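Each remark here refers to the structure printed beneath this line.
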Amino acid sequence: MRHVKQLAALTMALLVLGAGGAYALSPALKEMEDAFIRLHEELRPCVVNVDSRGAGGTSEMDMEQFHDLFRFFGMPNPEPGPNAPRMRIPPRMATGSGFIYDKEGHIVTNNHVVDGQNVEITVKLWNDKEYAAKVIGQDPDTDLAVIKIEPDIDLPVARLGDSDSLKVGQFAIAVGSPRGFEGSFSFGHISALGREELSLPGLRFQNFIQTDAAINLGNSGGPLCDLDGEVIGINIAIVYGANSLGFAIPINTAKQIVPQLISTGKITRGFLGVVITNVKPFMEGVGLSDDKGAFVKSVQPGSPAERADIKPYDVIRKVNGQAVENSADLIRKISGIPPGSQATLEIWRDKAPVEVQVTLEEYAGDLKTALKGKEVLGLQVQNLTPEVTERLKIKADVTGVVVTQVEPGSAAEEAGFGPGDVITEVAQKKVNSTDDFYRLVKENAVPGKSLLIGYIRAGSDEADISVIKVPKDAEIK
């Protein structure tokens, strides 16, 4: 529908002619209107409504995210003490959008639309037919997910565009189910590109498209399209209290992520093991004349960075010869290198460049990555990463594993454990990794007996000790 662009330009030009040209303008406006109607008719069948319903239980939000919500809306913040009771949440219900990726029934949406335990997902098509859907793959770091239905009809498939070719000012169309109003079609422009540092907890990768096309709750996961009817972005967020401030994930990001989610169910990324920030405040102190690179604040013990002798106060300037623009750029570059690969880093240290070789490991993910991982005594845990350590505001030298999920009614819940707690010891033996944790539990957990657990409560730096009563019928594997 490239002629729509020409019509739009013609219409804007004719509008300035004044009242005298009004009658000449009418056929052009009518032709443009008809083009938009045809565009809606083309896009609407590719867009679906996604309803998800999940069980209640221990809250999946870590406490820092919980407090962020209160701060964002300017509400009094009920900061709990380290021994405060855990939140309980009612059954989770969400409505979002998505678009059909292929004729096999794969649908692309936002991860936050379908995330959670025991979620039941229903997809409604343009023809009002409903299908149960299952989650195929999730990537919390980009807020992308793929779900799948088993279609009994020939599905229309969305056409994907090229977000790298977008220009500020070009027209954009959002399609989805805002506030549950299915098939809504809103029109606007691309307002900006490359937006980052939005207050969206849990997202490591942003680089969003900003648009003034109307986006509301329920548009999440739906497509942002151009005038050719091609998907250029996936709607993800709005700014509450502002008018016409919406954001979308560039479709070229999804082109990289979605095939991996379909084939493996997850995204595998490289991991370095550093806490970093932008260079600008430290330029003078480290003797740099520009603010390019990523400033190292701390290094995780036992990480690839520590083994490569990377140190605090280093500035990572290049990865495999490519310049690092800022801390977010370093994360993108390291994440794009397969685990097990060797990378060459150029580091600014003591006012001179040096090169180091580092062999990357696999990024373990944030607090939600292991929701469906191995469970023992009602606990699911994940290795501590620098990002999680910083988010939980615990000391950088703490070693252990972070609790990502607690099974409702389990021995762990009865002992008071919850997401965000860091387990540092099992049976008075130090825990350095998930392997240590599962091994020590297996070696020391006796059915019907008590198991000593050393931990640091989420939101507190104070070490504590608790007891998990091992069920008599427990099978520790």
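The values are calculated or read from the model by the stated rules, or taken from the named source; none is laboratory data. What you see is a predicted model; the values in this text were computed from it and never measured. No Cβ is skipped: glycine too gets one built from the backbone with ideal geometry, and neighbour counts run over all protein chains shown.
Looking across the stretch 157-184 at every residue that is at pLDDT below 85 and under 28 Å from D102 (Cβ atoms), the one that is surrounded by the most Cβ atoms within 10 Å (Cβ to Cβ) is identified as S177. Filter the stretch 135-156 down to the residues that are in contact with a strand residue (DSSP E or B) (Cβ under 6 Å, 6 or more places away or on another chain) and surrounded by fewer than 22 Cβ atoms within 10 Å (Cβ to Cβ), then identify the one that is nearest to E120 (Cα to Cα). Going through the qualifying residues, I end up with V135. Exactly one residue out of S335, S263 is free of Cβ contacts under 8 Å to residues at least 12 places away in the same chain, within 30 Å of V231 (Cα to Cα) and either touching a helix residue (DSSP H, G or I) at 6+ places or on another chain (Cβ under 8 Å) or not assigned by TED's automatic domain parsing to the domain that holds K393 (or both): that is S263.
Taken over the stretch 418-433, the criterion of being of a type in the set (D, E) and under 15 Å from K395 (Cα atoms) is satisfied by D421 alone.
Scanning the stretch 126-139 for residues that are touching a Leu at 6+ places or on another chain (Cβ under 8 Å) and farther than 24 Å from F185 by Cα yields I136, G137, Q138, D139.
Would you confirm whether any residue within the stretch 258-276 is of a type outside the set (A, V, I, L, M, F, W, C), modelled with pLDDT of 90 or more and closer than 22 Å to A192 by Cβ? So far as the stretch 258-276 goes, no, none of its residues is of a type outside the set (A, V, I, L, M, F, W, C), modelled with pLDDT of 90 or more and closer than 22 Å to A192 by Cβ. Scanning the stretch 312-341 for residues that are closer than 18 Å to T253 by Cβ and aliphatic (A, V, I, L, M) yields A328, L330, I331, I334, I337.
When each of L224, L193 is tested for being crowded, with 17+ Cβ neighbours inside 10 Å, within 23 Å of S163 (Cα to Cα) and modelled with pLDDT of 90 or more, the lone residue that passes is L224.
Among the residues of the stretch 138-171, how many are of a type outside the set (D, E, K, R) and either more than 21 Å from P259 (Cβ to Cβ) or part of a loop (DSSP other than H, G, I, E, B) (or both)? Write out each step before concluding.
First, pick out the residues of the stretch 138-171 that are of a type outside the set (D, E, K, R): 138, 140, 142, 144-147, 149, 151, 153, 155-158, 160-161, 163, 165-166, 168-171.
Still in the list and also either more than 21 Å from P259 (Cβ to Cβ) or part of a loop (DSSP other than H, G, I, E, B) (or both): 140, 142, 149, 151, 153, 155-158, 161, 166, 168-171.
Qualifying residue count for the region: 15.
Counting only residues that are among the hydroxyl-bearing types (S, T, Y) and buried (at least 18 other Cβ atoms within 10 Å of the Cβ), which one in the stretch 311-350 is farthest from Q256 (Cα to Cα)? Steps first, please.
Taking the stretch 311-350 as the starting set, the residues that turn out to be among the hydroxyl-bearing types (S, T, Y) are 313, 327, 335, 341, 344.
Restricting the remaining residues to those that are buried (at least 18 other Cβ atoms within 10 Å of the Cβ) gives 327, 335.
Working: S327: 21, S335: 12 Å.
Here the answer is S327.
Residues A308, A364: which one is touching a residue at least 60 places away in the same chain (Cβ under 8 Å) and either crowded, with 17+ Cβ neighbours inside 10 Å or farther than 23 Å from G400 by Cα (or both)? Steps first, answer last, please.
Values: A308 fails: touching a residue at least 60 places away in the same chain (Cβ under 8 Å).
Sole residue among the options that is touching a residue at least 60 places away in the same chain (Cβ under 8 Å) and either crowded, with 17+ Cβ neighbours inside 10 Å or farther than 23 Å from G400 by Cα (or both): A364.
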